[in-house]
Amino acid sequence: MDVVDDLLARGAAHRERARAVRGYTSAAMRGDLDAAIAAARSAALRRLDRGRLQRLAALVQERRAFDAHDLRTRERAQAEIQRALGRLRRLDSLESLVARAPRELCRACGFTRAMISRVSVSRVSGSTWVPLLPPPGVDEDADAFRRALGEDLELALRHTLLEAEMVRRRIAILVPDASNDSRCHGAFVRTSGSNSYVGAPIISGQQVVGFLHADRHDQRHPVTVEDREDLRLYAEHFGLLHERASVARMVDRRMSAVLVAQQTLATQLAGLAAQDLTLSDLPLTDALLEPVPRATEGETLAAATLTARETEILGLIARGGTNRAIALELVLSENTVKTHIAKASRKLRARSRADALARYLTLQAAER
């Protein structure tokens with residue numbers, strides 16, 4: 001068997017293996033075919049005979065078969081991804097969505113393994129990614145991760161890692177030779193036993209909240225650029241589903257908090273209505289007869305610099321709102337609320353939160 005016949009046989013076997021695992025043809029095999037076609041065309045131009053033309057035609061036909069296979073595989077993968085996302089869309093909780101995502105990814109794209117991770121980005125404590133694994137005893141690879149890395153699967157996101165690139169540049173990655181790539185997490189590669197894999201960031205609410213990794217372990221077939229693009233498409237749409245589920249969960253929690261507050265208020269009002277109230281005569285003291293103090297010119301100028309958010313928060317404090325309650329109502333963190341209060345206090349020249357509130361109420365009374 002000569003070189004061309006050997007290449008044609010390897011090409012046909014490669015296509016058959018790719019078809020069996022729903023994978024794409026490799027760039028290396030396509031490159032070998034392209035090089036052989038160029039050489040055969042050059043030989044045919046130098047000496048035109050039937051044998052050379054037949055060999056060139058066979059190589060071109062095999063190359064076209066590669067392209068046709070990849071086109072069919074991509075069309076099928078995109079259709080399967082849409083079906084998988086449709087099934088995920090019907091799930092009723094964020095937890096079930098996250099747990100189901102890896103299995104649906106494998107089902108749609110033909111990967112043998114997929115893993116979803118949570119990402120925590122912090123400038124103070126450092127960024128980390130945490131693989132979200134099924135319970136012990138459910139998956140052999142997950143159990144191997146636990147044995148190798150312990151129950152605390154928190155991996156540091158160093159700036160030299162490819163995963164850090166996914167966070168920083170929000171791009172999907174392809175790792176063709178993980179064992180020789182210094183940008184890979186060594187423990188992750190050793191534990192997974194994966195020599196080539198693809199990864200993509202999960203973007204929810206304009207933030208990278210997680211990763212999806214996938215490979216073709218035990219298929220004897222490499223992951224390809226096309227696999228990376230399929231994973232990118234899946235992760236992009238999964239991020240939208242994740243965002244929708246996160247918002248729905250936040251709304252449910254707030255509704256529950258509102259219902260609890262309403263029930264508490266109804267109970268308190270019922271208790272007050274059941275009590276006998278008596279009014280007693282109170283002596284008029286000098287304090288009660290004193291007029292409401294007017295704001296000084298300096299306080300008025302300071303109040304004019306209050307932002308709309310600071311004014312809004314002071315108004316909520318005046319109605320008895322705590323930092324936590326204000327944060328929930330305005331969709332802010334408690335630290336952000338505290339920062340706004342501190343800035344407002346400085347502008348009002350107040351020595352404390354109570355002093356800031358008193359000065360704010362004085363200004364409100366003066367405006368009326």
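For the reader, a short list of remarks on this structure follows.
- Across the stretch 60-105, the qualifying residues are those that are hydroxyl-bearing (Ser, Thr, Tyr) and part of a helix (DSSP H, G or I), and the one among them that is nearest to Ile37 (Cα to Cα) is Thr73.
- When the residues of the stretch 226-241 are filtered to those that are more than 12 Å from the chain's Cα centre (by Cα) and of a type in the set (A, V, I, L, M, F, W, C), the one that is surrounded by the fewest Cβ atoms within 10 Å (Cβ to Cβ) is Leu233.
- Within the stretch 331-347, residues that are farther than 18 Å from Met250 by Cα and open to solvent by less than 50 Å² (accessible area, probe 1.4 Å) reach partners that are among the β-branched types (Val, Ile, Thr) and in a helix (DSSP H, G or I) with beta carbons closer than 6 Å, at six or more positions or on different chains, in the pairs Val337/Ile326; His340/Ile313.
- Residue match in the stretch 167-177 (condition: outside any loop (DSSP other than H, G, I, E, B), within 15 Å of Trp129 (Cα to Cα) and open to solvent by less than 50 Å² (accessible area, probe 1.4 Å)): yes
- Residues satisfying the stated conditions in the stretch 41-67, i.e. in contact with a helix residue (DSSP H, G or I) (Cβ under 8 Å, 6 or more places away or on another chain) and under 30 Å from Asp227 (Cβ atoms): Ala58, Leu59, Val60, Glu62, Arg63, Ala65, Phe66
- Filter pass, Arg183 being charged (D, E, K, R) and not in a helix (DSSP H, G or I): yes
- Exclusive hit being at pLDDT below 85, exposed (fewer than 13 other Cβ atoms within 10 Å of the Cβ) and under 43 Å from the mean Cα position of the chain (by Cα), set Ala273, Ala304: Ala304
- Residue in the stretch 128-138 that is closer than 22 Å to Ser246 by Cβ, in contact with a helix residue (DSSP H, G or I) (Cβ under 9 Å, 6 or more places away or on another chain) and open to solvent by less than 30 Å² (accessible area, probe 1.4 Å) present: yes
- The residues in the stretch 1-54 that are without any contact (Cβ under 8 Å) to a residue 12 or more places away in the chain and outside any helix (DSSP H, G or I) can be counted, and the count is 5.
- Extreme residue, surrounded by the most Cβ atoms within 10 Å (Cβ to Cβ), among residues of the stretch 64-93 that are among the polar types (S, T, N, Q) and within 22 Å of Ser26 (Cα to Cα): Thr73
- Hits in the stretch 10-27 (condition: more than 14 Å from Asp70 (Cα to Cα) and either of a type in the set (D, E, K, R) or at pLDDT below 95 (or both)): Arg10
- The listed residue being out of contact with any Pro (no Cβ under 7 Å at 6 or more places or on another chain), within 22 Å of Ala28 (Cα to Cα) and in a helix (DSSP H, G or I), out of Ala108, Ala57: Ala57
- Some residue of the stretch 144-159 being in contact with a strand residue (DSSP E or B) (Cβ under 6 Å, 6 or more places away or on another chain), free of Cβ contacts under 8 Å to residues at least 60 places away in the same chain, open to solvent by less than 40 Å² (accessible area, probe 1.4 Å) and assigned to a helix (DSSP H, G or I): no
- Among (1) aliphatic (A, V, I, L, M); (2) surrounded by fewer than 14 Cβ atoms within 10 Å (Cβ to Cβ); (3) within 30 Å of Ala245 (Cβ to Cβ), the one test that Val3 misses: (3)
- Being among the hydroxyl-bearing types (Ser, Thr, Tyr), modelled with pLDDT under 80 and on the phi < 0 side of the Ramachandran plot is a property that does not hold for Ser117.
The values are calculated or read from the model by the stated rules, or taken from the named source; none is laboratory data. Note that the structure is a prediction, hence the values are computed from the model and not measured. Every residue, glycine as well, gets a Cβ built from its backbone with ideal geometry; the counts of neighbours run over all protein chains shown. Protein only, heavy atoms only, side chains kept; ligands, DNA and RNA dropped before computing areas. Shrake-Rupley method; radii C 1.70, N 1.55, O 1.52, S 1.80 Å.
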